[in-house]
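Here the structure comes first, spelled out in structure tokens, and everything after it is commentary.
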Amino acid sequence: MNRAIILGGTGVLGRAIATQLLESGWNVEITGRNPAKMPAALVDAGASFVASDRRIEGDLRRVLEAGAHLLVDDACYTEADARLLLPCLKDVDSTVMLSSKAVYVDESGNHVNSEVKPAFKAPIAETNPTMKPGNTNYRTRVSRSCCGHDT
């Protein structure tokens, strides 16, 4: 059976992804810091909870040491988060990193948390420019745009 791990999967997106995977016959493990946040419906459907803090390297290694067919990272917010995960991926077949539209910038480098509202000319697509990786809070008004200038 295919093994899927969802880092930080107790929230809205993680629950939706876990439900779809479970319905497709996957073995789903959901990580989080607080087992009380694990939705009972997912446990009833066959998902398991693994207590783990995504920002602690030892926890990541422990969760991923047996490998996985699919890793969904629902809690990667900074460059440091991504770098912490990289050494743990050697036995992971496929990795999906979730983000929000807050990472996308318009032609002026504005994003949804900017002081100036972004002006997107069309619906946001995966090909739109994004903020450069960084270690600022993802809700910051400061933008590290794709073009390298701060706004």
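The values are calculated or read from the model by the stated rules, or taken from the named source; none is laboratory data. Note that this is a predicted model, so its numbers are computed, not measured. As a convention, Cβ positions derive from the backbone with ideal geometry for all residues, glycine included, and neighbour counts pool all protein chains shown.
Values for this structure:
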read-out	value
Residue in the range 43-52 that is in contact with a Leu (Cβ under 7 Å, 6 or more places away or on another chain) and part of a loop (DSSP other than H, G, I, E, B) present	yes
Residue list for the range 43-66, restricted to those being in contact with a helix residue (DSSP H, G or I) (Cβ under 8 Å, 6 or more places away or on another chain) and over 21 Å from Met97 (Cα atoms)	Ala45, Gly46
Scan of the range 88-102 for residues that are outside any loop (DSSP other than H, G, I, E, B) and either among the hydroxyl-bearing types (Ser, Thr, Tyr) or exposed (fewer than 14 other Cβ atoms within 10 Å of the Cβ) (or both), ordered by number	Asp93, Ser94, Thr95, Val96, Lys101
Hits in the range 62-82 (condition: surrounded by 13 or more Cβ atoms within 10 Å (Cβ to Cβ) and without any contact (Cβ under 8 Å) to a residue 40 or more places away in the chain)	Arg62, Asp81
Enumeration of residues in the range 1-42 that are assigned to a loop (DSSP other than H, G, I, E, B) and in contact (Cβ under 8 Å) with a residue 60 or more places away in the chain	Asn2, Gly8, Gly9, Gly11
Of all residues in the range 103-151 being outside any loop (DSSP other than H, G, I, E, B) and over 30 Å from Arg3 (Cα atoms), the one that is modelled with the lowest pLDDT	Asp150
